[in-house]
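Coordinate-derived values only; no laboratory data. In this text the structure is predicted, and so the values were computed from the model without any measurement. For neighbour counting, all protein chains shown are included, and Cβ atoms are generated from backbone atoms with ideal geometry for every residue, glycine included.
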Ligand SMILES: C[S@@+](CC[C@H](N)C(=O)[O-])C[C@H]1O[C@@H](n2cnc3c(N)ncnc32)[C@H](O)[C@@H]1O
């Protein structure tokens, strides 16, 4: 049970208005690209969908700017969906569960902290019949304390990043969690595969979709798409391009991020392709950090600030 002082502490830390941001570190997080991507988006209020939510950087930024008339947020990862739904529906319970992890971890010395990390890591949600609140707290705890904040899963969908040994990992980031909770209050959150998108979009009258799939690797050593057991091969990229063509036929505008390579350029050759420059933060080898090009593909012409040539016939 949390003590009275814990409850008091959890009640007083309130975020500033519309100050939401991702509350998890996430590979491929869009934080550093938001300005460039938003320049390419339609103006006005959006009935919005994001089928590859991850840490949700784009969603929170658009919500902060009051750009959204409605929002549908999806991901295939049960952990992403659990943590996002629990934060929306049960923020106090989540904060308390996380506070328990925080206390247990911080009171230990370095060796014992590692042991606690691996104990939590080995307790897989489906083996231990965890509640969604426990599952969400586990994910946030592991995300803050693992090496590089890299959420990586093996082929059986088991989180397998090692311990990170940070002296002050800020496990209970209450202000950030409360700010994200505010942003999520009216969002619909679903566990869904991207292949279900056209039907979901049609039923809800969605008029704009931002797609940020696991990137197609530009080289064998840059395969950072191991989110859900690493299952996003070239055939999935091709199916996604077909889903985008279907949305286009439905008259739904979309913007898609991916790596800049000939395979992706070829898949989307009928649409407008812009290059954006992404600072790449997560890499095991420090000398491989550095800027890389990504593409932003869209099926509509620009309105407003920048006029772009649209490559479609
Ligand atoms: C590049 S990340 C998205 C990052 C996000 N834009 C951000 O700012 O953090 C890709 C996401 O796609 C999800 N994903 C992988 N395969 C999927 C599928 N078949 N359908 C839907 N989501 C999938 C992963 O779980 C991951 O969260």
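Pulled fully out, how much extra length does the chain show between residue 38 and residue 158, if you take 0.36 nm times their separation in residues and subtract their Cα-Cα distance?
Values: separation 120, 0.36 × 120 = 43.20 nm, distance 3.41 nm.
Taking residue 38 through residue 158 to full extension adds about 39.8 nm, to one decimal.
Short-range pairs are left out: with C-alpha atoms under 8 Å and at least six residues apart, the relative contact order of the stretch 123-243 is 24 percent. The distance separating the Cα centre of the stretch 23-80 from that of the stretch 185-220 comes to 10 Å.
So how much slack lies between residue 245 and residue 19, counting 0.36 nm per residue of separation and subtracting their Cα-Cα distance, in nm? Walk me through the intermediate numbers first.
On the way: separation 226, 0.36 × 226 = 81.36 nm, distance 3.46 nm.
Full extension from residue 245 to residue 19 adds 77.9 nm.
Residue exposure proxy: 216, 163, ordered by other Cβ atoms within 10 angstrom of their Cβ from fewest to most, comes out as 163, 216.
Quick check: residue separation of residue 112 and residue 190 times 0.36 nm, minus the Cα distance between them. What number comes out in nm? Write out the running numbers ahead of the final one.
Working: separation 78, 0.36 × 78 = 28.08 nm, distance 3.68 nm.
24.4 nm is the gain from fully extending residue 112 to residue 190.
Take the Cα of residue 238, step 7 Å toward its Cβ, do the same at residue 168, and the gap between the two points is 5.2 nm.
Per residue, the convex hull spanned by the alpha carbons of the stretch 92-174 comes to 83 Å³.
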